[in-house]
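The values are calculated or read from the model by the stated rules, or taken from the named source; none is laboratory data. The shown structure was predicted, so the numbers you read here are calculated from the model rather than taken from an experiment. Here the Cβ positions follow ideal geometry from the backbone for every residue, glycine too, while neighbour counts run over all protein chains shown. Quick note on the areas: whole protein, heavy atoms, side chains included, nothing else; ligands and nucleic acids left out. Shrake-Rupley method; radii C 1.70, N 1.55, O 1.52, S 1.80 Å.
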Amino acid sequence: MDTRGRIAWNLRKIRADKKVTQENLAVDAGVDRTTISGIERGDYNISVDLLDRIATALAIDIAVLFAVPPSGEVPPAALPAGRKPGK
C-alpha cells in the first residue's frame, strides 16, 4: 500500500470510528466534502497543510494518518448517507 493509500485508509477508518460524516469533517477542516471523498478514495494529492487541518478537526496527531494498517484488517464500513450520523 502506498502512502496515499495509507492516508486514505486511515482517514476513513478514523472518521468512521468517530462517526464523523465527510460533510462535517469537511466543514471542520475548511474544505469541500468532495475533497474529503477524493482523499478517502486515494485520488487527491493532499498537502501537509490540509493533512494538519484534518488531523486537528479529528483531534488526532497527524502521524496517525501515515500508520501502516495491520495485516488482514478489514476496510472500515461506510457511514449512512446524510448530513448527520445515525443515532
query = Got a number for residues in region 42-61 being modelled with pLDDT of 95 or more and open to solvent by less than 30 Å² (accessible area, probe 1.4 Å)?
reply = 5
request  = Starting from region 1-16, take each residue that is at negative phi and in a helix (DSSP H, G or I) and list its partners that are open to solvent by 20 Å² or more (accessible area, probe 1.4 Å) and charged (D, E, K, R), counting only C-beta distances under 7 angstrom and pairs at least six apart or across chains.
outcome  = Ala8/Glu40; Ala8/Arg41; Leu11/Glu40; Arg12/Glu40
ask   = Can you name every residue in region 46-57 that is in a loop (DSSP other than H, G, I, E, B) and touching a helix residue (DSSP H, G or I) at 6+ places or on another chain (Cβ under 7 Å)?
value = Ile46
ask   = Can you tell me how many residues in region 17-41 are in a loop (DSSP other than H, G, I, E, B), over 10 Å from the mean Cα position of the chain (by Cα) and crowded, with 18+ Cβ neighbours inside 10 Å?
value = 1
message = Being open to solvent by less than 70 Å² (accessible area, probe 1.4 Å) and at pLDDT below 95: is that true of Gly86 here?
response = yes
